[in-house]
Amino acid sequence: MIVSAEKAIELINHNQVVALPSETVYGLAGRFDRPEALKLIFATKKRPFFDPLIIHISHKDQLAALTQNIPSTAHILMDAFWPGPLTLVLERSIHVDPMITSGLNTVAIRMPAHPLFLKVIEHTAPLAAPSANMFGHTSPTSAPHVENEFTTQVPVVDGGPSDIGIESTVVQIEENEAEAVLIILRPGMIGKKELEASLQNKLTKKFSVQTKTSIVSPGHMTNHYQPLCPLVVASHEHPWSRAIHKAVCEKMGWDESLIAHKSMSFHNQNPSVTARTFYAQLRANDKLDKQYIYLQVGKDFRSEDWTAIRDRVEKASTFSIHQENSRIFVHDKLLALHF
Ligand code: TXA
Ligand code: MG
């Protein structure tokens, strides 16, 4: 059900949840200070309580009620990237409900760049908002995606397609007097290079940026962002073929003559364009009633600029294809793929 921003404000102030557009993906938003709304977020998504939520703010003044002891590095990053696709994990204040943080001492905060999201926050409060999809499923990048996602009626504000198309970069900072260490908990389109460049000449102490997924960040399981039918991933050297089809069907125990697939590829695309369209393409292909999606990635898939997309493809994938001479191997997930 599409609603106006004004209606969304009214609903949210009455402890309801509303899907709001952001530049990354659509979020399912509720007031951070209303336990009833927070419970509704988890129930609507069927999300386990051990996966903490991001709080979205519209103004830096709101940080005082949510966090404490903000390191100087965090202020530099906020000035460089907010509003925008960067989430900072900070020390939480006692006013933040443990339901939001899964009982952690930290809280994740971001200022989204979509004017409608910011407007709704301005007239309500800081908003807790996970991506507006069922737990583990592909994130929505448009209002129709949200409308097709839930079994219950979820009001959604239509702000057009999301510009970035994948979730924000999540960064935790460990800082003392001598140095700062940035840990990327979830890669996004703001990468290591951009983070380093923003601190150069601004931060006087030593710093480094590390990437650490899975273990540190709760809720980062290996299966995530998944379409409903299996995603089979192959390198640019292996277009779909009858032989590959046979190998996939054998792995699945399918009768190959009855099985249809849909191909998609990342050829000739830059990472920003791919990020913007990836989830929408996955959803569209998932609806075609085929038995699997065959994704051929581009030549430069292993390069640093593709880190965030690689992370999403890896988590969304079921199998990867590896060919040695004429033998075809169907591996579980992407992990064994030698791109
Ligand atoms: O772009 C985005 O970040 C979107 C839009 C709606 O803002 N939101 C989003 O939320 O992707 P969600 O809930 O799907 O993912 C948030 C992730 C969680 O899976 C969790 O791992 C991490 O952020 N996170 C949240 N709080 C954390 C904390 N205190 N410490 C470490 N990681 C945290
Ligand atoms: Mg999510």
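The values are calculated or read from the model by the stated rules, or taken from the named source; none is laboratory data. The structure presented is a predicted model; accordingly, all values stated were derived computationally and were not measured. Cβ coordinates were reconstructed from backbone atoms using ideal geometry, including for glycine residues, and neighbour counts include every protein chain displayed. For accessibility, only protein heavy atoms count, side chains too; no ligands or nucleic acids. Shrake-Rupley method; radii C 1.70, N 1.55, O 1.52, S 1.80 Å.
Can you find a residue that is outside any loop (DSSP other than H, G, I, E, B), over 26 Å from Ala132 (Cα atoms) and open to solvent by less than 50 Å² (accessible area, probe 1.4 Å) anywhere in segment 270-293? No, every residue in segment 270-293 fails to be outside any loop (DSSP other than H, G, I, E, B), over 26 Å from Ala132 (Cα atoms) and open to solvent by less than 50 Å² (accessible area, probe 1.4 Å). Assess whether Thr124 counts as being more than 12 Å from ligand 1 (Cβ to nearest atom), open to solvent by 10 Å² or more (accessible area, probe 1.4 Å), more than 20 Å from the chain's Cα centre (by Cα) and at pLDDT below 95. The answer is no for Thr124.
Among the candidates Val232, Val146, Val154, which residue alone is in a helix (DSSP H, G or I) and either touching a residue at least 24 places away in the same chain (Cβ under 8 Å) or open to solvent by less than 30 Å² (accessible area, probe 1.4 Å) (or both)? Result of the check over Val232, Val146, Val154: Val146.
So which of Glu179, Glu167, Glu175, Glu237 is touching a helix residue (DSSP H, G or I) at 6+ places or on another chain (Cβ under 9 Å) and away from ligand 2 (no atom under 16 Å from the Cβ)? Full working, then the answer.
Values: Glu179 fails: touching a helix residue (DSSP H, G or I) at 6+ places or on another chain (Cβ under 9 Å); Glu167 fails: away from ligand 2 (no atom under 16 Å from the Cβ); Glu237 fails: touching a helix residue (DSSP H, G or I) at 6+ places or on another chain (Cβ under 9 Å).
Every option except Glu175 fails the conditions.
Is one or more of the residues making up segment 258-281 touching a strand residue (DSSP E or B) at 6+ places or on another chain (Cβ under 6 Å), farther than 26 Å from Ala143 by Cα and either basic (Lys, Arg) or without any contact (Cβ under 8 Å) to a residue 24 or more places away in the chain (or both)?
Going residue by residue through segment 258-281, those that are touching a strand residue (DSSP E or B) at 6+ places or on another chain (Cβ under 6 Å) are 261-265, 281.
After this cut, where a residue has to be farther than 26 Å from Ala143 by Cα as well, the list is 261.
Then drop every residue that is not either basic (Lys, Arg) or without any contact (Cβ under 8 Å) to a residue 24 or more places away in the chain (or both), which leaves none.
Within segment 258-281, none of the residues are touching a strand residue (DSSP E or B) at 6+ places or on another chain (Cβ under 6 Å), farther than 26 Å from Ala143 by Cα and either basic (Lys, Arg) or without any contact (Cβ under 8 Å) to a residue 24 or more places away in the chain (or both).
Out of all the residues in segment 163-183, which are more than 11 Å from ligand 1 (Cβ to nearest atom) and either open to solvent by less than 10 Å² (accessible area, probe 1.4 Å) or hydroxyl-bearing (Ser, Thr, Tyr) (or both)? Residues satisfying the conditions are Ala180, Leu182. If Ala113 satisfies every condition in (1) within 12 Å of ligand 1 (Cβ to nearest atom); (2) of a type outside the set (Val, Ile, Thr); (3) not in a loop (DSSP other than H, G, I, E, B) but one, which is the exception? Evaluating Ala113 over (1) within 12 Å of ligand 1 (Cβ to nearest atom); (2) of a type outside the set (Val, Ile, Thr); (3) not in a loop (DSSP other than H, G, I, E, B) leaves (3) as the failure.
For segment 184-215, filtered to residues that are loosely packed, with under 13 Cβ neighbours inside 10 Å and of a type in the set (A, V, I, L, M), the residue that is modelled with the lowest pLDDT is Ile215. Annotation: Glu91 fulfils all but one of (1) farther than 28 Å from Glu10 by Cβ; (2) part of a loop (DSSP other than H, G, I, E, B); (3) within 11 Å of ligand 1 (Cβ to nearest atom); (4) not hydroxyl-bearing (Ser, Thr, Tyr); the unmet one is (2). If the condition is being within 16 Å of ligand 2 (Cβ to nearest atom) and touching a Lys or Arg at 6+ places or on another chain (Cβ under 6 Å), then segment 111-133 contributes no residue at all.
Scan Ile76, Ile70 and give me the residue that is in a loop (DSSP other than H, G, I, E, B), touching a helix residue (DSSP H, G or I) at 6+ places or on another chain (Cβ under 7 Å) and over 16 Å from Leu127 (Cβ atoms).
Numbers: Ile76 fails: in a loop (DSSP other than H, G, I, E, B).
Within the list Ile76, Ile70, the selection yields Ile70.
Which residues, taken from segment 28-75, are aliphatic (A, V, I, L, M), in contact with a Ser or Thr (Cβ under 7 Å, 6 or more places away or on another chain) and within 15 Å of ligand 1 (Cβ to nearest atom)? Break it down stepwise before answering.
Applying the first criterion (aliphatic (A, V, I, L, M)) to segment 28-75 yields 28-29, 37-38, 40-41, 43, 53-55, 57, 63-66, 70, 74.
In the following step, the residues that additionally are in contact with a Ser or Thr (Cβ under 7 Å, 6 or more places away or on another chain) were identified as 28, 54, 65-66.
Hits for segment 28-75 are Leu28, Ile54, Leu66.
With the requirement that a residue be over 18 Å from Ala180 (Cβ atoms) and either among the hydrophobic types (A, V, I, L, M, F, W, C) or in contact (Cβ under 8 Å) with a residue 24 or more places away in the chain (or both), what does segment 61-81 give you? Talk me through it step by step, then tell me what you get.
Looking only at segment 61-81, we keep the residues that are over 18 Å from Ala180 (Cβ atoms), and these are 61-66.
Result: Gln62, Leu63, Ala64, Ala65, Leu66.
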